[in-house]
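Engineer: After the structure tokens below, expect a handful of questions from me.
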Amino acid sequence: MAWDLNRLLSRRSVRIGGIVAVIGGALGGLANFSALVDLVSPDETRQIVAGAAETLTETDAKVNELLKLMRNRAAFEGAGLNPHSEETIKLALEAILTSSDARKAVARAALEAGEVAEAANAMRGLAIEQECAAGTAAQAAAESWRELAVLTDYSKPEETIAALERADQLEPGHGGGLLHLAAVRYRIGALSAAEADARRVLDISGVQPAERAEAHRWIGRVAQARGAFDEAAQAYAHGLGLITPDSAPLLYVGIMVDQAIIRRVRGDLDAARRDLDVALELARSIEAPSATALVLSNMAVNARRRDDPDRAEALLNEALGLYRSQENLFGEALAAGNLGGLAIERGDFETAERYIGRSAEIGETLQLKDSLAYDYNNLGDMALRRGDFDTAQAHLDRSLALTEELGLVSLRPYVTITMGELDLARGDTAEGCRRLASARAALAALEDANQSVAHEMMADAGCGAPSR
């Protein structure tokens, strides 16, 4: 049997899906920012939060005057108030905590200085104080927990989820908070919980159309990860039907990209290209670097599927530059992982190791389990091509474990194919053919166009003549 270890299968090295950093309306009332915030980088988040300071000048002045009165016993007594009475203290405390401008001013100053951790500490302390207060401060505490979640979102997903859950306990049914929860849970692979959060949004009466569209998007992305492409396509269509490019441009870009992924996987590259062309024009028109990079990354996958690796590499390098300029680690992991996959195909293992290593480093730091599942499949593929079968097995075992843990039905056949290649390379033809046949059947069930490539691999490996 002639078996070529350099046999290319586009599915492994260039990822099917994409990583997108999406934040629901988690900034809350800080700047009356009720619209969805999508694909926001840390720098952009700082700008949004810092810019809100201008809207609070008058309230800040009022709070400062109240603080002065609290320090001036004569002023309180002159107004007929006992500064030590429970009533006075409660009124003053609730006024300060509800407005929360004094502590938020500390957080804003820290953000302007680039000290995100210090800003997060300030918001955490404020939220705890507010939560202990009575009356309207409870809702303000929920807002502060949501704002803390924005600050920790890029570095501490578990803390972000904990903050959003506390906000949900204080103010149940907040659409923006639930969408933020869905986004973070999706990124760390908690697919069922992410779907449940999104469905809760659809159950809220009076929720904004953009929030409903975002909920449909997360339902669709979970379905897509599970291989339920019809359900995903329907969810994306529902989402697009609720918004326009003018009403929610960033969200519109994101759903168009998701829709293009479904069409690409099913082999309709022309329809996918049309979706991505629309998304790219919109992303550039609103000057959204991360959204632009997301579209370029998916255009690169299309180019690779059309056997144009040079264009794919150029598009990915452009996307990587944009992601890095925005300090968007999620996007950087996507672009770097795909560049590493292209390098594997060229046989440039040093470059591949550098890129995939960076993608895996980000994935481990931010607990991006779905991203890591792809990374370890690529690392296993590279070790196989190098002839290091034991290392390949270890990487593929890790990839398969993550795939099974997350229920990534759409990825499982690709990991199975790489394992089948490893079996064949070790001389175990029967097991290798069995895995390839299993993967081919799974791809056929998903209506994945790469089923034909799996069929060809079986023929090349001497697995007989399976029917298409």
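The values are calculated or read from the model by the stated rules, or taken from the named source; none is laboratory data. In this text, all values refer to a predicted model and were calculated from it rather than measured experimentally. When we count neighbours, we look across all protein chains shown, and the Cβ atoms used for this are built from the backbone with ideal geometry, even at glycine. All accessible areas refer to the heavy atoms of the entire protein, side chains included, with ligands and DNA or RNA removed. Shrake-Rupley method; radii C 1.70, N 1.55, O 1.52, S 1.80 Å.
Engineer: Checking Leu379 against (1) within 27 Å of the chain's Cα centre (by Cα); (2) touching a residue at least 40 places away in the same chain (Cβ under 8 Å); (3) open to solvent by 10 Å² or more (accessible area, probe 1.4 Å): exactly one of these is not met. Which one?
Structural biologist: So the condition that Leu379 fails would be (2).
Engineer: For the range 281-300, which positions are open to solvent by less than 10 Å² (accessible area, probe 1.4 Å) and in contact (Cβ under 8 Å) with a residue 40 or more places away in the chain?
Structural biologist: Across the range 281-300, the qualifying residues are Ser290, Ala291, Ala293, Leu294, Val295, Ser297, Asn298, Ala300.
Engineer: So which residues in the range 393-425 are among the small types (Gly, Ala, Ser) and under 26 Å from Ala444 (Cβ atoms), if there are any at all?
Structural biologist: Within the range 393-425, Ser399, Ala401, Gly407, Ser410, Gly420, Ala425 qualify.
Engineer: Then there's this: I'd like to know if the range 187-199 contains one or more residues that are of a type in the set (Gly, Ala, Ser), touching a Lys or Arg at 6+ places or on another chain (Cβ under 7 Å), part of a helix (DSSP H, G or I) and under 24 Å from Glu404 (Cα atoms).
Structural biologist: For the range 187-199, residues of a type in the set (Gly, Ala, Ser), touching a Lys or Arg at 6+ places or on another chain (Cβ under 7 Å), part of a helix (DSSP H, G or I) and under 24 Å from Glu404 (Cα atoms): present.
Engineer: Determine if the range 251-274 includes at least one residue that is crowded, with 22+ Cβ neighbours inside 10 Å, in contact with a strand residue (DSSP E or B) (Cβ under 7 Å, 6 or more places away or on another chain) and aliphatic (A, V, I, L, M).
Structural biologist: Looking through the range 251-274, at least one residue is crowded, with 22+ Cβ neighbours inside 10 Å, in contact with a strand residue (DSSP E or B) (Cβ under 7 Å, 6 or more places away or on another chain) and aliphatic (A, V, I, L, M).
Engineer: Name every residue in the range 438-451 that is more than 20 Å from Gly380 (Cα to Cα) and not in a loop (DSSP other than H, G, I, E, B), in order of residue number.
Structural biologist: Ala441, Ala442, Leu443, Ala444, Ala445, Gln451
Engineer: Looking only at the range 335-360, which residues are hydroxyl-bearing (Ser, Thr, Tyr) and surrounded by fewer than 22 Cβ atoms within 10 Å (Cβ to Cβ)?
Structural biologist: Answer for the range 335-360, where residues must be hydroxyl-bearing (Ser, Thr, Tyr) and surrounded by fewer than 22 Cβ atoms within 10 Å (Cβ to Cβ): just Thr351.
Condition check ((1) open to solvent by 10 Å² or more (accessible area, probe 1.4 Å); (2) modelled with pLDDT of 95 or more; (3) farther than 17 Å from Leu372 by Cα; (4) part of a helix (DSSP H, G or I)) across all residues:
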{"residue": "Thr391", "(1), (2), (3), (4)": "yes, yes, no, yes"}
{"residue": "Leu396", "(1), (2), (3), (4)": "no, yes, no, yes"}
{"residue": "Glu404", "(1), (2), (3), (4)": "yes, no, no, yes"}
{"residue": "Pro413", "(1), (2), (3), (4)": "no, no, no, yes"}
{"residue": "Ile417", "(1), (2), (3), (4)": "no, no, yes, yes"}
{"residue": "Gly427", "(1), (2), (3), (4)": "yes, no, yes, no"}
{"residue": "Gly432", "(1), (2), (3), (4)": "no, no, yes, yes"}
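Engineer: So is Asp246 under 23 Å from Pro209 (Cα atoms), of a type in the set (Asp, Glu) and either in contact with a Cys (Cβ under 9 Å, 6 or more places away or on another chain) or in a loop (DSSP other than H, G, I, E, B) (or both) or not?
Structural biologist: Yes.
Engineer: Could you figure out which of (1) farther than 20 Å from Arg386 by Cα; (2) open to solvent by 40 Å² or more (accessible area, probe 1.4 Å); (3) assigned to a helix (DSSP H, G or I); (4) not hydroxyl-bearing (Ser, Thr, Tyr) isn't true of Gly363?
Structural biologist: Condition (2) is where Gly363 drops out.
Engineer: On the basis of being surrounded by fewer than 23 Cβ atoms within 10 Å (Cβ to Cβ), modelled with pLDDT of 90 or more and in a helix (DSSP H, G or I), does Ala215 make the cut?
Structural biologist: no
Engineer: Oh, and also: Can you tell me which residue among Gly407, Gly363, Gly341 is closer than 22 Å to Ala300 by Cα, in contact with a Leu (Cβ under 8 Å, 6 or more places away or on another chain) and in contact (Cβ under 8 Å) with a residue 24 or more places away in the chain?
Structural biologist: Unique residue meeting the criteria: Gly363.
Engineer: Also, I was wondering about something else. Given (1) open to solvent by 40 Å² or more (accessible area, probe 1.4 Å); (2) closer than 15 Å to Leu443 by Cα, identify the lone condition not met by Leu242.
Structural biologist: (2)
Engineer: Could you say which residue among Ala183, Ala196, Ala162, Ala225 is in contact (Cβ under 8 Å) with a residue 24 or more places away in the chain and out of contact with any strand residue (DSSP E or B) (no Cβ under 7 Å at 6 or more places or on another chain)?
Structural biologist: Selected residue: Ala225, the only one of Ala183, Ala196, Ala162, Ala225 that is in contact (Cβ under 8 Å) with a residue 24 or more places away in the chain and out of contact with any strand residue (DSSP E or B) (no Cβ under 7 Å at 6 or more places or on another chain).
Engineer: Filter the range 436-447 for residues that are under 23 Å from Arg398 (Cβ atoms) and buried (at least 24 other Cβ atoms within 10 Å of the Cβ) and give the result.
Structural biologist: Within the range 436-447, Leu436, Ala439, Leu443 meet the criteria.
Engineer: Exactly one condition in (1) free of Cβ contacts under 8 Å to residues at least 40 places away in the same chain; (2) farther than 16 Å from Ile219 by Cα is false for Tyr236; which is it?
Structural biologist: Looking at each condition in turn, Tyr236 falls short on (2).
Engineer: Considering every residue within the range 148-171, establish whether at least one is part of a helix (DSSP H, G or I), touching a Ser or Thr at 6+ places or on another chain (Cβ under 6 Å) and either among the hydroxyl-bearing types (Ser, Thr, Tyr) or closer than 20 Å to Glu404 by Cα (or both).
Structural biologist: yes
Engineer: When the residues of the range 184-212 are filtered to those that are among the basic types (Lys, Arg) and open to solvent by 20 Å² or more (accessible area, probe 1.4 Å), which remaining residue is nearest to Ile255 (Cα to Cα)?
Structural biologist: Going through the qualifying residues, I end up with Arg212.
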